[in-house]
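Presented below is the structure to which this report refers.
The values are calculated or read from the model by the stated rules, or taken from the named source; none is laboratory data. These numbers were taken from a predicted model, which means no experiment stands behind them. Cβ placement follows ideal geometry from the backbone for every residue including glycine, while neighbour counts extend to all protein chains displayed. Just the protein is used for accessible areas: all its heavy atoms, side chains included, with ligands, DNA and RNA removed. Shrake-Rupley method; radii C 1.70, N 1.55, O 1.52, S 1.80 Å.
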Amino acid sequence: MQSWLTTTQLIVGLISAAGGFVFYLLRQRGAISAEIEDSEARVQAQVEAQAARIHDLERELATMAMELRGLPTRDDLSAIQIGLVELTGMVRLQGERIESTTQIMTRIENMVGRHESHLLGGGGGNS
């Protein structure tokens, strides 16, 4: 009977050890599982932060593209430059015309002044 008792104790001891080992594995699995969940949560938070950053960058890029579409092109700037050259020529021509008109006005004022002097001075001695 003693061998039966020893065998039973041995079996109970083995079952107990196996149960303890299984319990240990399950706890470790739970700890690993919690660690994995924490890692997944951190990665998910990083992914969401990057997605928000990408969204902001896309919005900023769209704004910049819209602003660039509103800027004049090289052809537009070339046309403006040509227009300014033409305008400069026209202003120069107007300046020349004004100078000519000023010279004519000066001659007319001199002529009117001579006539006025003649009329006020008595008409050249015929009085």
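Annotations
- Restricting 76, 38, 56 to residues that are at pLDDT 95 or above and in a helix (DSSP H, G or I) narrows the list to 56.
Let's see how each residue does on (1) touching a residue at least 60 places away in the same chain (Cβ under 8 Å); (2) among the aromatic types (Phe, Trp, Tyr); (3) open to solvent by 90 Å² or more (accessible area, probe 1.4 Å):
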| site | (1), (2), (3) |
| --- | --- |
| 6 | no, no, no |
| 11 | no, no, no |
| 21 | no, yes, yes |
| 41 | no, no, no |
| 45 | no, no, no |
| 51 | no, no, no |
| 63 | no, no, no |
| 69 | no, no, yes |
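- Residue 111 being in a helix (DSSP H, G or I), surrounded by 10 or more Cβ atoms within 10 Å (Cβ to Cβ) and not small (Gly, Ala, Ser): yes
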